[in-house]
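> Have a look at this one.
The values are calculated or read from the model by the stated rules, or taken from the named source; none is laboratory data. Because the structure is predicted, anything quoted here is derived from the model rather than measured. Note: areas computed on protein heavy atoms with side chains; ligands, DNA, RNA excluded. Shrake-Rupley method; radii C 1.70, N 1.55, O 1.52, S 1.80 Å.
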Amino acid sequence: MSKRHLARSIVMQSLYQWDFRGNPTSAIPAIIEQNMEEFGVGLEDTKEFVEATVDGVIEHQKEIDTHIAEFAPHWPLEQMTLIDRNILRLGVFELEFNNEEIPPKVAINEAIELAKTYGGPSSGKFVNGILGAMYKEEES
């Protein structure tokens with residue numbers, strides 16, 4: 001498993017905790033630090049990526065959530081599982097706001113893999129459907 005993939009797992013875990021706690025932005029540095037200590041042994045060189053990605057998702061959360069709502073009209077954000085919602089936020093951030101550093105297909109594949117690993121039985125398909133539709137619309 002690549003270091004970036006593992007770093008995305010830490011991003012997802014950090015976003016999950018942030019969302020679970022009611023979105024306390026002031027707690028983000030402590031959440032990231034705890035997750036890096038617990039899950040990021042050997043990934044110290046990815047801490048900057050983790051911090052920048054978590055900060056980017058939170059900074060653009062409203063826009064990201066709007067994109068998700070547009071492409072998942074039958075699944076309101078509050079009805080999605082915390083895992084799926086935050087994997088989608090990560091994927092949309094990488095597709096829409098960090099696409100100069102992360103190629104779109106990499107962003108989609110990484111989000112799908114996270115969904116398969118941490119989500120429910122249909123999470124991978126769910127994430128793929130939403131991010132794939134966004135990508136297709138951008139391409140056309």
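> What residue among Val57, Val106, Val127 has the largest mean-square fluctuation in a Gaussian network model of the chain, using Cα springs under 10 Å?
The residue that fluctuates most here is Val106.
> Kindly point out which whole DSSP H helices in the chain project their C-alpha atoms 20 angstrom or further along the helix axis while averaging a Kyte-Doolittle hydropathy of 0.5 or above. Working shown, then result.
Working: long enough: 3-20 (25 Å, -0.42); 82-96 (21 Å, 0.52); 104-118 (21 Å, 0.03); 123-139 (24 Å, -0.36).
Flagged H segments are 82-96.
> Just tell me which lysines come within less than 16 Å, Cα to Cα, of Lys62; anything on the same chain fewer than 8 places away is out.
Here the lysines satisfying the reach criterion relative to Lys62 do not exist.
> Quick check: from the Cα gyration tensor, does the range 1-45 come out rounded (a/c under 1.5), prolate or oblate?
On the way: a/c = 2.94, a/b = 1.86, b/c = 1.58.
Prolate shape, in that a/c is at least 1.5 and a/b is the bigger ratio.
> Now, a different point. Taking Cα centroids, how far is the range 26-90 from the range 94-140 in Å?
14
> Lys105: which aspartates and glutamates have alpha carbons under 15 Å from its alpha carbon, excluding same-chain residues fewer than 8 sequence positions away?
Counting by Cα, and skipping residues close in sequence, Lys105 has these aspartates and glutamates nearby: Glu94, Glu96, Glu113, Glu137, Glu138, Glu139.
> Using modelled backbone amide H atoms (1.01 Å from N, in-plane), which distant-in-sequence or interchain residues come within less than 5 Å of Ile102's amide H?
none
> Okay, moving on. Roll a 1.4 angstrom probe over the protein heavy atoms and tell me the percent of accessible area of the chain that is carbon or sulfur. The partial results should precede the final answer.
Numbers: 3840 of 7400 Å².
For the chain, the apolar C and S fraction of the accessible surface comes to 52 percent.
> Check the straight Cα-Cα distances from Lys47 and name the aspartates and glutamates below 14 Å, setting aside those fewer than 8 residues away within the same chain.
Cross-link targets: Glu33, Glu37, Glu38, Asp55.
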